[in-house]
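The values are calculated or read from the model by the stated rules, or taken from the named source; none is laboratory data. Treat the numbers as computed from the prediction; the structure is a model and nothing was measured. Don't worry about glycine lacking a Cβ; one is built from the backbone with ideal geometry, like all the others, and counts go over all protein chains shown. Calculation scope for accessible area: heavy atoms of the full protein, side chains included, ligands and nucleic acids excluded. Shrake-Rupley method; radii C 1.70, N 1.55, O 1.52, S 1.80 Å.
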Amino acid sequence: SAQILLDLKPYTDETRALLDLAAKDEAPAIRELVAKAVWPYYKPTSLLRQRVVDLVIKSIQSVPLPLDGWKLKDDPQILGHKQKWFLPGLDESAWKPVSIGKFWGEFGTNYLGYAWYRGRFALPAKPEKFDSVELEFGAVDECAWVWLNGEYAGQHDLGPTGWDKTFQLEVTPLLRWGADNQIAVRVLNTAFAGGIYKPVSLQVLRVGN
């Protein structure tokens, strides 16, 4: 079974081949179990509000990401991370043009599973004084893994209960001020609608009044 394979660590070439096969199983539960076990990306959440206690934190600048101009591609074989669909120079010519702020079903992606968004946004000049920049998602249905400029930023992985939750990721060292930036978001939906259905913004934060 898939669970027996997952317990055989460290993985051999033969075990990995079997896991790749299990990742294509017709049963969604098997695919999800294997995908999580062999997932190579994880980053602990470390937000400014978690690091600073009893001090005022305010947003001194908000930069909304464009709603339009995004691209979307289904990933039923769970290969996107292996093929590095998060890299800035990836050929997107075959990807579907979409917008965020809407469920992906409005663009014909009516399936349960993984899909990837790619987008771009311009940043103004770097502010003179700030303490942190957080990438804020209004909501993603239902799990999300995020890359900025080819670097892994973090995840929102609460399972189905996370579909309507706002979340933030610390992205200060990943940004390119005064230039174009590229974002990639891997989304998993296991029931009903799916996608980045609420706006996304960058919040420039500062401690103190």
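Quick notes on this one:
- Dividing the C-alpha radius of gyration of the range 119-169 by 2.2 N^0.38 Å, with N its residue count, gives 1.33.
- Low-density loop positions, GluC sites (Glu not before Pro), the range 106-209 - DSSP coil, at most 12 other Cβ in 10 Å: 128
- Those lysines that a straight Cα-Cα span of less than 28 Å connects to residue 43, excepting residues fewer than 8 apart in one chain: 9, 24, 58, 71, 73, 82, 84, 102, 126, 129, 165, 198
- Accessible surface of the range 40-194 [probe 1.4 Å, protein heavy atoms]: carbon and sulfur percent: 55 percent
- Restricting the calculation to alpha carbons of the range 58-117 gives Rg and Dmax of 13.7, 42 angstrom.
- Segment residue 198-residue 96, extension gain: residue separation times 0.36 nm, minus the distance between their alpha carbons: 34.8 nm
- Using R0 = 25 Å, the C-beta based FRET efficiency linking residue 111 and residue 180 works out to 0.20.
- Of the chymotrypsin sites (Phe, Trp or Tyr not before Pro) found in the range 38-89, the ones in coil according to DSSP and having at most 14 other Cβ atoms within 10 Å of their Cβ are 41, 42.
- In a DSSP loop and with at most 12 other Cβ atoms within 10 Å, the trypsin sites (Lys or Arg not before Pro) in the range 105-209 are 129.
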